[in-house]
């Protein structure tokens with residue numbers, strides 16, 4: 001049997017000698033990689049900048065708004081009180097008139113003649129009455145001396161009484177004639193604006209014929225229609241705030257003075273009326289906007305309209321809790337001057353997000369840039 005001795009190969013010897021160097025190289029590589037690797041830190045959270053403030057506690061009013069029409073409180077038709085021919089008119093449509101201002105004149109000749117005739121009749125009767133008084137005085141002395149009978153004396157007294165009654169009737173006719181003479185001058189009984197001229201010079205008018213229509217403008221009435229569903233909420237005396245497009249900066253505060261007892265057939269609305277003094281250039285027939293205060297609420301929580309947003313869950317506001325926006329479902333009430341009443345869902349101490357609320361979701365990290373004091 002032959003024995004064979006195996007000698008180590010050159011390759012085996014070289015590998016054996018390089019092993020320590022390989023271990024060192026691997027160790028250095030591992031150390032280099034460890035130094036180059038970044039350290040583990042938590043990710044940076046992005047915060048949304050917002051403004052916030054507590055809800056305001058205010059006394060709020062519930063109002064109903066209506067667009068109505070202005071009416072003249074009095075629109076009289078000035079009619080002829082005597083008949084005659086129109087000589088001249090002195091006012092035109094659109095002109096302002098004051099009480100006692102001359103508006104037109106009628107012919108006066110017939111009334112002057114009637115007045116003179118009544119004066120003459122009155123003079124005759126006064127002369128007859130004076131003579132009869134003297135007769136009665138003379139008969140009184142004669143009857144005392146029994147120179148005439150008592151019957152004759154009584155007849156004289158009766159004749160005097162007849163004459164005195166005729167005198168009274170004549171004086172009444174004279175007064176009537178003089179009054180008719182003054183009525184040939186048509187005067188304005190009110191202060192206002194001429195709304196219409198209904199006659200022209202040369203027209204013959206009879207008693208009662210309308211001559212002019214005058215609209216009073218110093219005192220007006222607002223007619224405001226409201227849905228019939230609000231009838232139970234409206235009552236006489238409720239406050240009404242009025243403004244007109246001709247002067248939007250002027251607001252007038254009045255009260256409901258009257259409610260029409262029936263509902264309109266055409267619009268199914270109730271009409272409420274408010275009387276007030278004209279603040280300036282408001283005109284009958286113009287439009288007017290009215291806000292009727294139907295309810296007053298004390299200590300109502302009010303937030304800006306921009307704080308209230310719609311989400312799939314419903315109407316919400318966001319409040320700040322430890323730097324996080326928390327969604328709160330709320331029940332809203334009245335809207336007034338850019339504010340919304342919150343009837344349920346938040347407390348007065350809650351910090352409500354205003355600006356930026358529309359970009360938030362529940363749990364968003366926020367940075368409050370400004371805490372507004374209200």
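Here are the numbers for the structure shown:
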| item | result |
| --- | --- |
| Fluctuation leader among 165, 83, 95 - the chain, Gaussian network, Cα springs under 10 angstrom | 165 |
| All-pairs alpha carbon distance profile, the range 117-228, 5 Å steps from 0, percent | 2, 9, 11, 10, 9, 8, 8, 7, 6, 6, 5, 5, 5, 4, 2, 1, 1, 0, 0 |
| The range 261-374: projected area of the alpha-carbon convex hull, averaged over directions, in nm² | 12.3 nm² |
| Residue 250 paired with residue 229, simple spin-label distance in nm, labels 7 Å along Cα-to-beta-carbon | 3.6 nm |
| R0 of 30 Å, Cβ-Cβ distance residue 48-residue 297: FRET efficiency to nearest 0.05 | 0.35 |
| Helical contribution to [θ] at 222 nm, DSSP H n ≥ 4, -39,500 (n - 2.57), averaged over the chain, rounded to 500 | -9500 deg cm²/dmol |
| Alpha-carbon radius of gyration plus Dmax, which is the widest Cα pair, for the range 216-257 in Å | 12.1, 33 |
| For the range 149-189 versus the range 216-283, the gap between their alpha-carbon centres in whole angstrom | 53 Å |
| Centroid-to-centroid separation of the range 315-374 and the range 85-128 [C-alpha atoms, Å] | 78 Å |
| Helix 109-144 vs. the chain, principal-axis angle (Cα, 0 to 90°, nearest 10) | 50 degrees |
| Relative contact order %, the range 176-271, counting alpha carbon pairs below 8 Å whose residues are six or more apart | 21 percent |
| Sequence of 126, 341 once ranked by neighbouring C-beta atoms within 10 Å, starting from the fewest | 126, 341 |
| Cα pair count fraction exceeding 16 Å, expressed as % - the range 42-136 | 81 percent |
| Förster radius 41 Å - calculated FRET efficiency between residue 75 and residue 311, Cβ distance, rounded to 0.05 | 0.15 |
| Protection proxy ranking, peptides 63-72, 139-148, 269-278, 196-205, average beta carbon neighbours within 10 Å, highest first | 269-278, 63-72, 196-205, 139-148 |
| Computed E for residue 265/residue 198 - FRET, C-beta separation, R0 30 angstrom, nearest 0.05 | 0.45 |
| Spacing of the two label points (7 Å from each Cα toward its C-beta) at residue 136 and residue 321, in nm | 10.9 nm |
| Stretchable slack from residue 107 to residue 239, in nm (0.36 nm times residue separation minus alpha-carbon distance) | 42.3 nm |
| Cα-derived Rg over Rh, computed across the range 315-374 with Rh taken as Kirkwood radius | 0.94 |
| Square roots of 5 times each gyration tensor eigenvalue, C-alpha, the range 201-347, largest first, Å | 48, 17, 13 |
| Convex hull per residue volume in Å³, alpha carbons only, for the range 108-183 | 58 Å³ |
| Average Cα contact separation per residue, the chain, under 8 Å, 6 or more apart, as relative contact order % | 27 percent |
| Order of 337, 249 under a 10 Å beta carbon neighbour criterion, fewest first | 249, 337 |
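No value in this document is a laboratory result; all are computed from the given coordinates. Here the structure is a predicted model, which means the values were calculated and not measured. Methodologically, a virtual Cβ is constructed for each residue, glycine included, from the backbone with ideal geometry; neighbour enumeration extends over all protein chains shown.
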